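Here's the structure we're looking at; comments come further down.
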There are 4 protein chains.
Amino acid sequence: MANSKYEYVKSFERCQPDILLPNTWVVIRIDGRGFHKLTAKYGFEKPNDRRALDLMNAAAVAVFKELPDLVLGYGISDEYSFIFHKDCNLFERRAAKLITTIATTFTSHYIYLWPTYFPEKPLSPPMPSFDGRAVMYPSVQNLRDYMSWRQVDCHINNLYNTTFWTLIQKGGMDATAAEQRLSGTVSADKNEILFKEFGINYNNEDELYKKGSVVFRDYELVDPPALAAPVGSAALETDTSETRAQEQPLSKTAAEKERKKRAKARIAVEHVDVIRDEFWLRRPWILSGKAGKLNE
Amino acid sequence: MANSKYEYVKSFERCQPDILLPNTWVVIRIDGRGFHKLTAKYGFEKPNDRRALDLMNAAAVAVFKELPDLVLGYGISDEYSFIFHKDCNLFERRAAKLITTIATTFTSHYIYLWPTYFPEKPLSPPMPSFDGRAVMYPSVQNLRDYMSWRQVDCHINNLYNTTFWTLIQKGGMDATAAEQRLSGTVSADKNEILFKEFGINYNNEDELYKKGSVVFRDYELVDPPALAAPVGSAALETDTSETRAQEQPLSKTAAEKERKKRAKARIAVEHVDVIRDEFWLRRPWILSGKAGKLNE
Amino acid sequence: MANSKYEYVKSFERCQPDILLPNTWVVIRIDGRGFHKLTAKYGFEKPNDRRALDLMNAAAVAVFKELPDLVLGYGISDEYSFIFHKDCNLFERRAAKLITTIATTFTSHYIYLWPTYFPEKPLSPPMPSFDGRAVMYPSVQNLRDYMSWRQVDCHINNLYNTTFWTLIQKGGMDATAAEQRLSGTVSADKNEILFKEFGINYNNEDELYKKGSVVFRDYELVDPPALAAPVGSAALETDTSETRAQEQPLSKTAAEKERKKRAKARIAVEHVDVIRDEFWLRRPWILSGKAGKLNE
Amino acid sequence: MANSKYEYVKSFERCQPDILLPNTWVVIRIDGRGFHKLTAKYGFEKPNDRRALDLMNAAAVAVFKELPDLVLGYGISDEYSFIFHKDCNLFERRAAKLITTIATTFTSHYIYLWPTYFPEKPLSPPMPSFDGRAVMYPSVQNLRDYMSWRQVDCHINNLYNTTFWTLIQKGGMDATAAEQRLSGTVSADKNEILFKEFGINYNNEDELYKKGSVVFRDYELVDPPALAAPVGSAALETDTSETRAQEQPLSKTAAEKERKKRAKARIAVEHVDVIRDEFWLRRPWILSGKAGKLNE
């Protein structure tokens, strides 16, 4: 029984374009599907459910452990971004494979870890799931702007949600009234509502809620002196010091060696500013893709 | 704090081409990642582990329940194909969204159901995950050839694996010897080894192993008379009866109505031949995309 | 001097997705770039310049002579569509190669033939050029709808332009007045303006202007009896009679033989209806891709 | 007569992915189709036909005049590369439109100018045509490596062809003998054959043949001091000095202003080294995309 009569159908697979452009930063972003319903079903706390965010972060850390090629992650609410270095050649940079691997590995751990974070709320169908996409960014500046975009979004959403739910939970408003009250307000207005009407200083809110969660491999921080460098300085531009050799993909052996080094580092989850330079200057290994000095 | 300064990065998302061609059958195929290691870790039985396949099928059925747009599925070993009708417009046919939704919903149920099928073998990291891809097929014949390709593959692999493991488990060979023994053999040779040396009639093996698992929504089978029609007949070519109206996407209301009808049907998992016409002639709803008559 | 140090850049070429899906009809449509300026510069007659259209058609015929794989063409104004059969495998169906070959071969002949059609108006820079795109259509019905879409567009535009320019050229209006006069009118209104005010029966206008130009290889027309078949009949659906063998690409030898046959046929340019079935029923070789009987 | 019934076919156009990634250098490379036959038909001189190369360059210069967005070009033999700056947003970076515009504008001028360069050899069908492709390069280094790759190719091919045709034209060999003679030789061997056997110093060959043709907008060269900077220095990395503002697309007004400035500059065609830094350091406007000081 020959297989060849039908095997021509395999040739149709070539037509979904799939190879991500070399030498670009790859961002895989996943989003919870229908999490609005999910938060209602399992009674997540508003505006932020600590355990739900801890579960997201735990799943992200597990993804980092299984995929040493990842250099950076960022999570807010029910979304998580996973970033591969521009030199990464995992799965020959096939988009579908990268997206589904990240999305299913994350999902797998999310379901597996659920009982740890919600022991009294067992899962039942329909089950949590996530969709995902891949985006390429050619320059370090593009990548940093992506991270800034998400962190600014986190801030804007959290300030809104915090005020909205305070108006409801402490102010006794219903959702419609709270929405109307906030319509047309700017950040300063919301800060004022929180402070004057409810005695809440937004600055004292949990950094997890205000900044989101930044995931990276943890090495010894680089000395502050570098911080003296002006914004946008050469120190931040890995592109600057590049020789052609570095533009070319690493040899397989060298790439494997770097992956092993990365696999050894502890995975950190911090709630820090990624918009200013400091985060990047003190953690040069993120942009360089070269392992730093392990913390003792 | 304006968001716009960074938001330009969103425009980079348009560059991953993603819309699947309208009027084509969409196959999403997922494959277990590194399942070779997984089967060793959890001691799956060889050549087929009944519980592992039942788990795959249970997860597939759950996916069908959550996604009424699916019309057909096919599973063998650690791979599963999910098929959307050529008229389906779910997620505006965005490939990344379709692939990740299928892959993570499947994964989610796989992890959730694991303890039901392997109560004595709790999961531990690294966790099972799946990669996925989307393929488009323009004609019914292409789609049927895809299904035939997978089912022929199932047969070839299962006959090989059955013989290979019989040589080891009952014949006392080691893997290398078994491999050498089978090198260059055709199907008839393997059938003969099984029968003459071990008294095993391959035809009596479990249909699940020989045919794989076909998943579909279960309506009343259509009468045999249609079976009189010759192979490749018009009855099988939904393309034939199409008027232009049907080439155009259904209205949203009509599409929603069809989805609800589909959601009501029981999900069947059968181990049947999908290469010959009978399967398709008796279940015309699969190719037409129109719900059949519910079984009572 | 080794070449390899730089050659890695070649790998970036894989990332422009390019293979058109097999078993789909491929339409390459080219459009004149900035032809509004061009018609002014060379004083094209309004609403239609006979010589300009003849030049477009002559260039299209030349393209058909150089590319035997083409089965159908359709031209209106400064646009031309060229259609490859769904089984065509020219250039392995690489989109960029197909588009640029069609577009530059057309351009080449357009410039070369210009002096024949406009002997008293020599070309000067900036030169005429064309942009192009490729679109895939999975079914015969999609393809016919594409042709109908273009021919309906031709009719609508020509009726408008004929009335608009009659109001100006014979009615003494300026462009603004003519535009206002036509604002909100339907086809019947325009026909009436032409007939009642200017004694022009639109039906008597040149078929070239009303129907556009259909290009195909000319074989003996098939007998009228077939015309008795109802609209949308099986006779029109080549998909119907397909066996799997035909779904698979032709062998290289067979494909070459068909190309040679096609290369022998005269190229016809006719101004006929392509919306109704008759055109297709009498010229079955267009949809079948099999050469007909040569005219004597 | 409503148009809408057929217009759905337009939606199929979205499925050819087409937007080139922002912030990447875009190379459009065109190649003569079947120029082997063409050179025979019109009796081009071997190894290089001066008039044929001058015609290619004249067509390229005309393309630069019609497309002010182009910043660099490079031609060898029957191929030409046209480069758009990474910030260029022409045609919203749609690949098919960029490729066909470049390819047909080039073809148009090639045919138009042919009689100027080959007055005694009038064109006749089949006509010259060109295929084309688009490639994206994320970094300046990638772009320079692309240019180096082509120029190294030019050198290797020209040294081979010069020696091959000298063996035939002056050494009396036939093609087979010449090919065998050159089989396995390195550059030094070919140089020696030319010098020792035919008294030809390859270094004295025409720069046009040895270096190919580099096309750019001609401004006042920047002072030599910059040349003191080490290879790979910051001066060469436009990426270095970038602020985020520059990562974002220019405003339409600003972009239009830059285009007008570029349109004023003379188009230079030079046969110079583009592998070393000097070319780039003395013409900073190529990588910066900002017009230089016009020559007086």
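The values are calculated or read from the model by the stated rules, or taken from the named source; none is laboratory data. What you are looking at is a predicted structure, and each value in this text was computed from that prediction instead of being measured. Every residue, glycine among them, receives a Cβ derived from its backbone with ideal geometry; neighbour counts consider all protein chains shown.
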Of (1) touching a strand residue (DSSP E or B) at 6+ places or on another chain (Cβ under 8 Å); (2) within 14 Å of chain D (Cβ to nearest Cβ); (3) surrounded by 20 or more Cβ atoms within 10 Å (Cβ to Cβ), B:Ile19 satisfies all except one. Which? (3)
Mind checking which residues of segment C:255-283 are of a type in the set (A, V, I, L, M, F, W, C), out of contact with any strand residue (DSSP E or B) (no Cβ under 7 Å at 6 or more places or on another chain) and modelled with pLDDT of 80 or more? C:Ala263, C:Ile275, C:Phe279, C:Trp280, C:Leu281
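Do we find that B:Asp131 is facing chain A (nearest Cβ under 7 Å), among the acidic types (Asp, Glu) and under 27 Å from B:Glu278 (Cβ atoms) in this structure? Lay out the reasoning, then the answer.
Working: facing chain A (nearest Cβ under 7 Å): yes; among the acidic types (Asp, Glu): yes; under 27 Å from B:Glu278 (Cβ atoms): no.
Spelling it out, it is not the case that B:Asp131 is facing chain A (nearest Cβ under 7 Å), among the acidic types (Asp, Glu) and under 27 Å from B:Glu278 (Cβ atoms).
Being among the polar types (S, T, N, Q) and out of contact with any Pro (no Cβ under 6 Å at 6 or more places or on another chain) is the filter; apply it to segment B:75-93 and report the residue that is nearest to B:Ala103 (Cα to Cα).
B:Ser81
How many residues, within segment B:184-195, are surrounded by fewer than 13 Cβ atoms within 10 Å (Cβ to Cβ) and either under 14 Å from B:Asn158 (Cα atoms) or within 29 Å of the chain's Cα centre (by Cα) (or both)?
First, pick out the residues of segment B:184-195 that are surrounded by fewer than 13 Cβ atoms within 10 Å (Cβ to Cβ): B:184, B:186, B:188.
Now restrict to residues that are either under 14 Å from B:Asn158 (Cα atoms) or within 29 Å of the chain's Cα centre (by Cα) (or both): B:186, B:188.
Final tally of qualifying residues: 2.
For D:Thr176, state whether it is β-branched (Val, Ile, Thr), in contact (Cβ under 8 Å) with a residue 60 or more places away in the chain and more than 13 Å from chain C (Cβ to nearest Cβ). Walk me through it before giving the result.
Details: β-branched (Val, Ile, Thr): yes; in contact (Cβ under 8 Å) with a residue 60 or more places away in the chain: no; more than 13 Å from chain C (Cβ to nearest Cβ): yes.
In short, no.
Regarding segment B:32-52, can at least one residue be identified that is within 24 Å of B:Ala291 (Cβ to Cβ), touching a residue at least 40 places away in the same chain (Cβ under 8 Å) and within 15 Å of the chain's Cα centre (by Cα)?
no
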Of (1) more than 25 Å from C:Trp25 (Cα to Cα); (2) within 9 Å of another protein chain (Cβ to nearest Cβ); (3) of a type in the set (D, E, K, R); (4) over 18 Å from the mean Cα position of the chain (by Cα), B:Asp153 satisfies all except one. Which? (4)
Cross-chain or 6+ apart pairs with Cβ under 7 Å, segment D:53-77 first and in a loop (DSSP other than H, G, I, E, B), then of a type in the set (A, V, I, L, M): D:Pro68/D:Ala263; D:Asp69/D:Leu90
Filter result (in contact with a Phe, Trp or Tyr (Cβ under 9 Å, 6 or more places away or on another chain), over 21 Å from D:Phe64 (Cβ atoms) and without any contact (Cβ under 8 Å) to a residue 40 or more places away in the chain) within segment C:118-138: C:Pro122
Considering only segment B:196-224, state which residues are of a type in the set (Asp, Glu) and closer than 17 Å to B:Asn157 by Cα. B:Glu205, B:Asp206, B:Glu207
Being on the phi > 0 side of the Ramachandran plot and either among the charged types (D, E, K, R) or buried (at least 24 other Cβ atoms within 10 Å of the Cβ) (or both) is the filter here, so list the residues in segment D:82-98 that pass it. D:Glu92, D:Arg93
On the given criteria, is D:Lys97 outside any helix (DSSP H, G or I) and either closer than 19 Å to D:Arg217 by Cα or modelled with pLDDT of 95 or more (or both)? no
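Which of the following residues is among the charged types (D, E, K, R) and part of a helix (DSSP H, G or I): A:Arg133, A:Arg144?
Values: A:Arg133 fails: part of a helix (DSSP H, G or I).
The unique qualifying residue is A:Arg144.
Taking the stated definitions as given, is C:Lys46 surrounded by fewer than 19 Cβ atoms within 10 Å (Cβ to Cβ), away from chain A (no Cβ under 14 Å) and not in a loop (DSSP other than H, G, I, E, B)?
When the stated conditions are applied, C:Lys46 does not pass them.
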Yes or no: A:Thr24 more than 14 Å from chain C (Cβ to nearest Cβ) and among the β-branched types (Val, Ile, Thr)? no
Residues of segment C:139-150 that turn out to be in contact (Cβ under 8 Å) with a residue 60 or more places away in the chain and at the interface with chain D (Cβ under 7 Å from one of its Cβ atoms), as a count: 3
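Residue check: is C:Tyr110 in contact (Cβ under 8 Å) with a residue 24 or more places away in the chain, part of a helix (DSSP H, G or I) and touching a helix residue (DSSP H, G or I) at 6+ places or on another chain (Cβ under 6 Å)?
Numbers: in contact (Cβ under 8 Å) with a residue 24 or more places away in the chain: yes; part of a helix (DSSP H, G or I): yes; touching a helix residue (DSSP H, G or I) at 6+ places or on another chain (Cβ under 6 Å): yes.
Yes, satisfied.
Got a sec? Which of B:Pro119, B:Pro115 is more than 10 Å from chain A (Cβ to nearest Cβ), farther than 30 Å from A:Ala134 by Cβ and in a helix (DSSP H, G or I)? Working first, answer last.
Numbers: B:Pro119 fails: in a helix (DSSP H, G or I).
After ruling out the rest, the residue left standing is B:Pro115.
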Please go through (1) within 18 Å of A:Phe35 (Cβ to Cβ); (2) away from every other protein chain (no Cβ under 13 Å); (3) in a strand (DSSP E or B) for A:Tyr80 and return the number of the only condition it doesn't satisfy. (2)
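Of everything in segment C:143-168, what is among the polar types (S, T, N, Q) and within 15 Å of C:Tyr209 (Cβ to Cβ)? Give them in sequence order. Spell out the reasoning first.
Going through segment C:143-168, the residues among the polar types (S, T, N, Q) turn out to be C:148, C:151, C:157-158, C:161-163, C:166.
C:Gln151, C:Asn157, C:Asn158, C:Asn161, C:Thr162, C:Thr163, C:Thr166 - these are the residues of segment C:143-168 that are among the polar types (S, T, N, Q) and within 15 Å of C:Tyr209 (Cβ to Cβ).
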Answer with yes or no whether D:Asp69 is away from every other protein chain (no Cβ under 13 Å), surrounded by fewer than 19 Cβ atoms within 10 Å (Cβ to Cβ), on the phi < 0 side of the Ramachandran plot and touching a helix residue (DSSP H, G or I) at 6+ places or on another chain (Cβ under 9 Å). no
